[in-house]
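J.: Can you keep this structure in mind? I'll have questions shortly.
The values are calculated or read from the model by the stated rules, or taken from the named source; none is laboratory data. All figures in this text were calculated on a predicted structure; none of them were measured in a lab. Cβ placement follows ideal geometry from the backbone for every residue including glycine, while neighbour counts extend to all protein chains displayed. Keep in mind that these areas ignore ligands, DNA and RNA; they rest on the heavy atoms of the full protein, side chains included. Shrake-Rupley method; radii C 1.70, N 1.55, O 1.52, S 1.80 Å.
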Amino acid sequence: MRPSTALYALLSVLFASAATVLDQPLQDVLNRPTVDILADRDAIIEKLLATYWDDPLQDVLNRPTVDILADRDAIIEKLLATYWDNPVHVMRLLDPENASELDAPRLLQVFGAKAVWMTEGDKLRLRQQGLGFIDLTNHQDLHACSGSAESTWPKLQYQEKVKSVTKLLSKDEMKNNLGNLTSFHNRYYRSEFGVQSSRWLYNQILDIVSAAPPGVRLSVETFTHTFPQPSVIARFEPFFGRSSHNSMIALPRIIVGAHQDSANYRFPLLPAPGADDDGSGTVTILEAFRALVQSGFAPERPVEFHWYAGEEGGLLGSQEVVSEYKQLKKEVGAMIQFDMTAYVPKGEVPIVTFITTDVDSNLTNWAMTLAEEYSTSVVGGAKLFAGAGSDHMSWHRAGYPAIFAAEGDPFRTFNPYIHTSGDRMDLADGEFSFEHALEFAKVAVGFVVELGGWVE
């Protein structure tokens, strides 16, 4: 699908058809209770251009003092009010060139329910109802696998190395990165904003890699998808090379993940800063990656950091990554997902929490022991709805050992701002805590070093 935003779609109709300019002020046009917005949207745009001095389109877009996005959001809100909060109908109006995609059949599994055939448009309705889901359409075979095999996890042995790395972690770095990440209007995986934010993240990772000490073996790639926003993968190569010297010895990779996209569940083109969901997880693992690079990390086996696209669309990005790894028979030793790491309600004790449902139980127990070793926070476990979760579910359901770390018990300390324009880092009473997120960065470092090893 061609990347689109509501701004692009609204302005594009200027070239699609002639407009009948109304004489009423712009606000009167928007407030007309009987207005046929499908017919009058050209008039609305003409009024917008007249409001902005009727400058050429490019001049309007380049004016730094003109808040076109705010006007765009106001129009979207009016459309939703006019059409009874029907997100599918409004999306058809805003993006007519891609309207037919809303009818595409999709096999969706709402958390806790059986998978049923619905449509792409139904995703908008499910989000509006606050329902999480997995899009299994192209990955039915992937999730037919059995659970991961019982594994024995190593005793902790790299305490000095881990603590030398965690000393390099910086809340200021995390805050600066999250400020930039949340400056995008949203990070919707099907929009140009989602592409731009992913490109920004990729460039941040390249900056970290460019400052790596000599001898640190690194690679970075964008993993493109069937939708516009790409995932990003950064990889520490094994110290002794990309493959084992002994063909009988496998080098299963260790994966640390977070999702980079954000979503406004009222309507996907509205503002979605996504500071906690999952900007916090994104910058948490980015900071762990930066500290490991700076320390000259030399692992015995491959270590990968994944920033997934399209999680809010039903784990789309991670499922495509898992499918490729499965097809290419890439071995994965363990995977950990960080989704929402910074919200602490006023009066609550911060807890580094591991979800205990639909995960590898042995690996979870081991990781909790690891967190108690390397974090100064209380460590605990919590349950989620059956079948619910983040991108670790793509790995877990495909048979890989995968676990999930989050900011707290979702039934007790749930962040009420997620999936809205209020998911910001400047919450009142200090409820958005970089101190808490930093504890998860320590866990990420420990997970990587203890399972990836470190060659002296």
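J.: For a quick check of your reading of the filter: which trypsin sites (Lys or Arg not before Pro) in region 380-420 sit in a DSSP loop and have no more than 14 other Cβ atoms within 10 Å?
T.: Listed in order of number, the matching sites are LYS383, ARG412.
J.: Per residue, how much accessible area does region 69-196 show when a 1.4 Å probe rolls over the protein heavy atoms, in square angstrom?
T.: Per residue, region 69-196 has 49 Å² of solvent-accessible surface.
J.: In addition: On the accessible surface of region 268-417, probed at 1.4 Å, how many percent belong to carbon and sulfur atoms?
T.: In region 268-417, the share of accessible area belonging to carbon and sulfur is 52 percent.
J.: Say each of VAL378 and ALA428 gets a label point 7 Å from the Cα, pointing the same way as Cα to Cβ; how far apart are those two points in nm?
T.: About 2.5 nm separates the two model spin labels.
J.: Long-range amide H contacts for PHE404: which residues qualify at under 5 Å (H placed 1.01 Å from N, peptide plane, sequence gap of 5 or more or a different chain)?
T.: Long-range HN contacts for PHE404: GLN337, ILE355.
J.: Can you give the accessible area of TRP200 in Å² (nearest 10), computed on protein heavy atoms with a 1.4 Å probe?
T.: Around 40 Å² of this residue is reachable by solvent.
J.: Per residue of region 123-130, in order, report the coupling 6.51 cos²θ - 1.76 cosθ + 1.60 (Karplus, θ = phi - 60°) as ³J(HN,Hα) in whole Hz, putting x for Gly and Pro.
T.: Each residue of region 123-130 in turn: 4, 5, 5, 5, 5, 4, 8, x Hz.
J.: How far apart, in nm, are the 7 Å Cα→Cβ label points at LEU131 and TRP84?
T.: Once both label points are built, they end up 1.8 nm from each other.
J.: How large is ³J(HN,Hα) for each residue in region 83-98, as worked out from phi by the Karplus curve 6.51 cos²θ - 1.76 cosθ + 1.60 (θ = phi - 60°), to whole Hz, x for Gly and Pro?
T.: 9, 6, 6, 8, x, 5, 5, 5, 5, 4, 5, 7, 9, x, 5, 10
J.: Kindly write out, for region 336-351 in residue order, the coupling ³J(HN,Hα) from the Karplus curve 6.51 cos²θ - 1.76 cosθ + 1.60 (θ = phi - 60°), rounded to whole Hz, with x marking Gly and Pro.
T.: Once θ is set to phi - 60°, the couplings for region 336-351 become 10, 10, 10, 10, 6, 10, 10, 8, 9, x, 4, x, 8, 7, x, 10 Hz.
J.: Could you give the distance between the Cα centres of region 419-456 and region 102-143, to the whole Å?
T.: If you average the Cα positions of each part, the centres end up 30 Å apart.
J.: Turning to a different aspect of this structure: Can you compute the label reach from SER210? Point 7 Å from Cα along the Cβ direction, backbone N cut-off under 15 Å, restricted to region 218-236.
T.: So the set is 220.
J.: Still on this structure: What chymotrypsin sites (Phe, Trp or Tyr not before Pro) in region 355-456 are in a loop by DSSP, with at most 10 other Cβ atoms within 10 Å of the Cβ?
T.: Answer in residue order: PHE411.
J.: Where in region 152-212 are there trypsin sites (Lys or Arg not before Pro) that are in a DSSP coil and have at most 14 other Cβ atoms within 10 angstrom of their Cβ?
T.: Of the trypsin sites (Lys or Arg not before Pro), the ones in loops of region 152-212 whose Cβ has at most 14 other Cβ atoms within 10 Å are LYS155, LYS167.
J.: Here is a further query. Which of rounded, prolate, oblate describes region 366-456, given a ≥ b ≥ c as roots of the alpha-carbon gyration tensor eigenvalues and a/c under 1.5 marking rounded, otherwise prolate only if a/b is larger than b/c?
T.: The shape class here is oblate.
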